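The values are calculated or read from the model by the stated rules, or taken from the named source; none is laboratory data. What you are looking at is a predicted structure, and each value in this text was computed from that prediction instead of being measured. Cβ atoms come from the backbone with ideal geometry, glycine included; neighbour counts cover every protein chain shown.
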Amino acid sequence: MDIHFLKSKSVHIVGINGIGMSALAIYLKNKGVKVTGSDITENNNTKILNKYGIKVIIGHKKTNVIKKDIIFYSSAIKNNPELIQAKELNIPLYSRAKLLQIICKNKFVIAVSGSHGKTTTTSLLGYILDKKGLNPIIISGGVMKNYGQNIHLTDSEFVVVEADESDGTVFKLIPNYLIYLNVDKEHLDYYRSLSNLQNKVESYIRKLIKKNTKIFLNGDDKFLKKIKSKNINKFGFDSSNQTIIKNIKVTDKKTIFDLVSSHHSTLKNITSNLLGHHNAYNIASVCCILNELGIRLKSKDLLSFQGVERRMNSIGTIQSSTFIDDYAHHPLEIEKLISVIMLFTQQNKFLIIEPHRYSRLNLLYNDYLRVLSDFENVIILDTYTAGESLKKNWKNSKDLVNDLNTVKSKKALYINDYQDLFEFLDNMMKKSKNNLFVFAGAGSISSELKTYYARRI
């Protein structure tokens, strides 16, 4: 199956408003494929899809798949009436991974994967390659500020793609180059255990080695550092890596470091608006790819990259108080976020968190306690369920606050209503003008923040 085959078909996408699916839908539409889609609710992606002339039906109904030839569906979709109806009508059903395979077929593919950092890395790499004249297709898991959407459409044979490991999508691809940033306790609702995920990653990398894929790994990652091959280039701070990050300086405005490689000369004073040591890893991986392609990065090339929405994204200022929106929802991501927050000079710093999924909160509960105990002003909202039910004996957001306050001797605050949260923020701004409010989470928190900000300015 290829794009030419799909041009003759009527394609329907279930879960089209998702950040991953919407990009692929836009690609199909741009190639002349007749595309429709459905989802539970509207979001910003709906507007972008409509702009491309893609009809999005709100609500999942059996009638949505009538007269459709092929159905693609998001991995987030469970027990959906459209999928049930498609099976009854013998309409072919395929996952997002299959659609991505079709798009990448017969192209030069650079895939970026890992538990954390892949959206920023994909977007940065694609942008730099675009700036250097390669004009790649970029498929990202976030809205790239330089392009205003999650996909950059071109006719190039180059594809830079975020290859998500959350549902095993990455393992279906055979890219020319692979970046694997890290392997962490994430998406274990799918993999069941960290060891299962690790085994899957290692088997995949071993498979790609046999396919002559050039592989770039974070050599500081406890798991990835153990995988060795002549086809692997490792990057990181440790001196055992082929590409070494040195002399790093991080402020609330810039990240600056040198990059020393056994394969090319030292790059001095690499300067980026992306803050934090974790972004140094992302940038280093990009530099590895550029070197492989024979492209020389200049120290200032990175500065025009505007980043990705919801990655330390400044919403604006109200009464001299700054509001920032971030996607961090995993303890490690929150830990990195806190390290960046501490660089800022505001006297009063607040971290407002909406936990994402009961399963993640409970699996990583002690990690949440450890990470959040290091920050002074923590506000915890109700957990965004993502369709999950709270199981017996599972902890919730209120429990997390209680344990932070009793076990960790913190003064965390539990707020279960956004209106109460906004009244709290209003009161804090009346008391002090020198505030930094950082909102973090993968649920509804971003849209709620933007609504609040729009009403207050």
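Remarks
- Being in the same structural domain as K172 (by TED's automatic domain parsing) and farther than 15 Å from C288 by Cα holds for only one residue in G126, G117, and it is G117.
- Picking from residues in the stretch 91-113 that are assigned to a loop (DSSP other than H, G, I, E, B) and modelled with pLDDT under 95, the one that is farthest from I334 (Cα to Cα) is N106.
- Tabulated pairs, the stretch 288-310, first over 11 Å from N273 (Cβ atoms), second among the acidic types (D, E) and crowded, with 16+ Cβ neighbours inside 10 Å, C-beta under 8 angstrom, 6+ apart or interchain: E309/D325; R310/D325; R310/D326
- Taking (1) over 30 Å from K78 (Cα atoms); (2) among the hydrophobic types (A, V, I, L, M, F, W, C); (3) surrounded by 15 or more Cβ atoms within 10 Å (Cβ to Cβ) in turn, I445 satisfies each apart from (1).
- Flag for E157 being in contact with a helix residue (DSSP H, G or I) (Cβ under 9 Å, 6 or more places away or on another chain), surrounded by fewer than 24 Cβ atoms within 10 Å (Cβ to Cβ) and farther than 15 Å from M21 by Cβ: no
A quick yes/no check of all residues on (1) outside the structural domain of P92 (by TED's automatic domain parsing); (2) within 23 Å of V161 (Cβ to Cβ); (3) under 19 Å from the mean Cα position of the chain (by Cα):
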{"site": "S8", "(1), (2), (3)": "no, no, no"}
{"site": "S22", "(1), (2), (3)": "no, yes, yes"}
{"site": "A25", "(1), (2), (3)": "no, yes, yes"}
{"site": "G32", "(1), (2), (3)": "no, yes, no"}
{"site": "L49", "(1), (2), (3)": "no, yes, no"}
{"site": "T63", "(1), (2), (3)": "no, no, no"}
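- When the stretch 48-60 is filtered for residues that are touching a Ser or Thr at 6+ places or on another chain (Cβ under 9 Å) and free of Cβ contacts under 8 Å to residues at least 24 places away in the same chain, the ones remaining, listed by number, are K55, I57, I58, G59.
- Of all residues in the stretch 61-86, those that are of a type in the set (G, A, S) have Cβ atoms under 6 Å from Cβ atoms of residues that are surrounded by 15 or more Cβ atoms within 10 Å (Cβ to Cβ) and part of a helix (DSSP H, G or I), 6 or more apart or on another chain, in S74/M21; S74/R96; A86/V65.
- For G133, the stated conditions hold: it is within 23 Å of K214 (Cα to Cα), out of contact with any helix residue (DSSP H, G or I) (no Cβ under 9 Å at 6 or more places or on another chain) and either at pLDDT 95 or above or not hydrophobic (A, V, I, L, M, F, W, C) (or both).
- Tally of residues being outside any strand (DSSP E or B) and either aliphatic (A, V, I, L, M) or in contact with a helix residue (DSSP H, G or I) (Cβ under 7 Å, 6 or more places away or on another chain) (or both) across the stretch 64-90: 14
- Only one of the numbered conditions (1) without any contact (Cβ under 8 Å) to a residue 24 or more places away in the chain; (2) more than 28 Å from V308 (Cα to Cα) is not met by R455, and that is (2).
- Members of the stretch 115-125 that are buried (at least 24 other Cβ atoms within 10 Å of the Cβ) and either of a type in the set (V, I, T) or at pLDDT below 95 (or both): T119, T120, T121, T122
- Only one entry in N348, N402, N366 is buried (at least 16 other Cβ atoms within 10 Å of the Cβ) and either under 16 Å from L436 (Cβ atoms) or not charged (D, E, K, R) (or both), namely N348.
- Subset of the stretch 155-207 [in a helix (DSSP H, G or I) and of a type in the set (F, W, Y)]: F171, Y190, Y191, Y204
- In this entry, T271 is excluded by the filter for residues that are assigned by TED's automatic domain parsing to the domain that holds Y452, of a type in the set (S, T, N, Q) and surrounded by fewer than 22 Cβ atoms within 10 Å (Cβ to Cβ).
- Residue check for T345: over 24 Å from Y414 (Cβ atoms) and assigned by TED's automatic domain parsing to the domain that holds I248: no
- Scanning the stretch 346-360 for residues that are in contact with a strand residue (DSSP E or B) (Cβ under 9 Å, 6 or more places away or on another chain) and not in a strand (DSSP E or B) gives Q346, Q347, P355, R357.
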